[in-house]
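Here the structure comes first, spelled out in structure tokens, and everything after it is commentary.
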Amino acid sequence: MIYVTRREHFNAAHKLYNESWSPEKNETVFGKCANPNWHGHNYELFVTVKGSVNPQTGFVVNLKDLSALIRTEICDKLDHKNLNLDVDFMQGVMTSTENVAIVIFNKLAPKIKELGTNLHAIKLCETENNCVEYFGE
Ligand code: NI
């Protein structure tokens, strides 16, 4: 088993806000991320697949195909968008880095199977210092 990672990038706006809480509690819990007029991040997305090396290509997956898939399914739909408002598959989701990573994993996993390999992990970095990883469970 060998693991291959492709990095992609998107910029997006969001806010973290729990409607059932007071503005003060939202401010306390989410800080700047609760700003009513939104804020943005430069997200770094790392998609890791696992499989065995195809003896004819030497590849686990053709990274050209994986990159195109991530762009079509994720980056084109999230880049320069408001995650809370503009993205149909994020509706009703608290757009924390954790939840965005889970949504991306669940969206990509079946498509990556169609490329003949398996999704191992999504790593999503909201800032240089804050990243989450999701392995599907
Ligand atoms: Ni934020």
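Below is a table of values for the structure above.
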item	result
Computed helical MRE - 222 nm, the chain, DSSP H runs ≥ 4 contributing -39500 (n - 2.57), nearest 500	-7500 deg cm²/dmol
Relative contact order %, the chain, counting alpha carbon pairs below 8 Å whose residues are six or more apart	30
Reach of Lys64 by Cα under 23 Å, taken over lysines that are not fewer than 8 positions away in the same chain	Lys50, Lys77, Lys107, Lys111, Lys113, Lys123
Fully extended contour minus Cα-Cα distance, from Asn129 to Glu8, at 0.36 nm per residue	41.8 nm
Accessible surface of the stretch 98-137 [probe 1.4 Å, protein heavy atoms]: carbon and sulfur percent	42
Net length gained if the chain between Lys107 and Phe59 were fully extended (0.36 nm per residue, minus Cα distance)	15.0 nm
Over the chain, equivalent-ellipsoid semi-axes from the Cα gyration tensor in Å	32, 13, 12
Low-density loop cleavage sites - GluC sites (Glu not before Pro) in the stretch 10-116, where at most 10 other Cβ are within 10 Å (DSSP)	Glu19
Free-standing Cys, the chain [no other Cys Cβ under 4.7 Å]	Cys33, Cys75
Inter-probe distance in nm under a simple model that places probes 7 Å from Cα toward Cβ, at Glu27 and Asp88	3.8
Where a label projected 7 Å from the Cα of His80 along Cα→Cβ would reach, residues of the stretch 39-55 with amide N under 19 Å	39-45
Distant-in-sequence amide H partners of Gly51 (H built 1.01 Å from N, under 5 Å)	Ile2
Accessible area in square angstrom per residue, the chain, 1.4 angstrom probe	58
In nm, spacing of pseudo-spin labels at Glu44 and Thr72 (7 Å Cα→C-beta vector)	2.7
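The values are calculated or read from the model by the stated rules, or taken from the named source; none is laboratory data. Note that the structure is predicted; figures quoted are calculated from it, not measured. We place every Cβ from the backbone using ideal geometry, glycine too, and count neighbours over all the protein chains shown. Keep in mind that these areas ignore ligands, DNA and RNA; they rest on the heavy atoms of the full protein, side chains included. Shrake-Rupley method; radii C 1.70, N 1.55, O 1.52, S 1.80 Å.
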